[in-house]
Amino acid sequence: MNPRSVVVTGAGRGIGRAIALELAHTGFDVIATVRTEERAEALRTEVAGTGAAVRTVLLDVADPTSCVTAFTRIAGMTDGGPWAVVNNAGFAQPGAVEDVDDELVRRQLETNLVAPARIARLVLPAMRDRRAGRIVNVSSVAGRVSLPMLGWYCASKRGLESVTDALRMETEPFGVKVSLVEPGSYRTGIWRTGAELLPDDRASVYAEQYAAAGARLRGGQDLPGPRPVALAVRKALTARRPQPRYLVGGGTRSTTVLDAVAPTAASDRVKQLATGLRSAPPRVTRALARLRVK
Ligand SMILES: NC(=O)c1ccc[n+]([C@@H]2O[C@H](COP(=O)([O-])OP(=O)(O)OC[C@H]3O[C@@H](n4cnc5c(N)ncnc54)[C@H](OP(=O)(O)O)[C@@H]3O)[C@@H](O)[C@H]2O)c1
């Protein structure tokens, strides 16, 4: 029997690359999409160096024509269409809601929310004909917990969660299984890209927060590598009954539970403190300083 073919979008680096590698070593026929021929070649060479193989297709998920061209080509490579798609390509647009203009908002929503739905439309007819298929959408804890200075990213992922929930119920009677993977924070290029996308701080009332966020984003990447996310995607593709959602990473479950049950005023305050929108009351600062001295 031919191996099952799985398309992974945004597979040239970060989480997508980890997913492509993991699935290739699991025995799937991986079709990794990237945006440039150089990245395609680099990825094929890198995977070959680990003793596995991927095929590559060029795709900009935010461009509808590119999506149609890529998935027409993929249909030709896979006997009518892939068995599964992992919608991973995405980025995080930082900035206060007030500072992100319409064009940037559209780009964020187009890439993280509209594109996965468009790709589902392109692959579902063949999956339905075969009465088999899987779609895994890579969301984020930010799809469940909204954070200041990251409002549009959170909106894109919250929207993706909502659409994915509807899609899962719609396609289940036709044998197509749909899951969400919701990672916490992992060491990838998303942080550096985010730093480059920070709004112009000189023009903003949030200049101080952007300066601090920029330093954090550009600075230490003291985070784990993305393999746990790839393992969760593998589970969603190999389990007989995949879960609707896979939260990945230490602290993600407690974060989502706390955010759901804590009074909004309290969780708002914690998030404001964490993003520098408010400072701790003087007595808390003094107590913390005393702790530090000891
Ligand atoms: N890292 C984390 O902590 C984290 C946490 C939660 C969720 N996520 C999600 O995980 C996914 C992957 O992010 P990452 O952390 O691996 O970031 P990354 O290292 O920056 O990789 C992002 C990938 O998406 C691709 N991409 C972006 N826009 C695209 C477009 N219009 N068309 C095609 N490809 C596009 C990039 O391609 P190029 O190489 O061509 O730029 C790159 O391969 C995203 O959906 C992100 O929201 C990440």
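Residues are listed down the side, and each one gets a yes or a no for (1) part of a loop (DSSP other than H, G, I, E, B); (2) on the phi > 0 side of the Ramachandran plot; (3) away from the ligand (no atom under 15 Å from the Cβ):
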site	(1), (2), (3)
Pro125	no, no, yes
Arg128	no, no, yes
Val136	no, no, no
Ser156	no, no, no
Thr164	no, no, no
Glu170	no, no, yes
Lys177	no, no, yes
Val205	yes, no, yes
Within the stretch 1-58, of all residues that are of a type in the set (Val, Ile, Thr), within 13 Å of the ligand (Cβ to nearest atom) and not in a strand (DSSP E or B), the one surrounded by the most Cβ atoms within 10 Å (Cβ to Cβ) is Ile19
Between residues in the stretch 189-207 that are without any contact (Cβ under 8 Å) to a residue 12 or more places away in the chain and residues that are away from the ligand (no atom under 11 Å from the Cβ), which pairs lie under 6 Å by C-beta distance while being six or more apart or on different chains?
Ala207/Asp201
Right, Ser185: assigned to a helix (DSSP H, G or I), hydroxyl-bearing (Ser, Thr, Tyr) and surrounded by fewer than 20 Cβ atoms within 10 Å (Cβ to Cβ) or not?
no
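One line per residue, one yes/no per condition, for (1) under 25 Å from Gly95 (Cα atoms); (2) hydrophobic (A, V, I, L, M, F, W, C):
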| site | (1), (2) |
| --- | --- |
| Ala213 | yes, yes |
| Arg216 | yes, no |
| Gly219 | yes, no |
| Leu223 | yes, yes |
| Pro226 | yes, no |
| Thr238 | no, no |
| Pro242 | no, no |
| Arg253 | no, no |
| Val257 | no, yes |
From the residues in the stretch 228-245 that are away from the ligand (no atom under 12 Å from the Cβ) and within 10 Å of Ile19 (Cβ to Cβ), which one is surrounded by the fewest Cβ atoms within 10 Å (Cβ to Cβ)?
Leu231
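Values quoted throughout were computed directly from the atomic coordinates according to the rules given, and no laboratory measurement underlies them. All of these numbers come straight from a predicted model, not from anything done at the bench. Cβ coordinates were reconstructed from backbone atoms using ideal geometry, including for glycine residues, and neighbour counts include every protein chain displayed.
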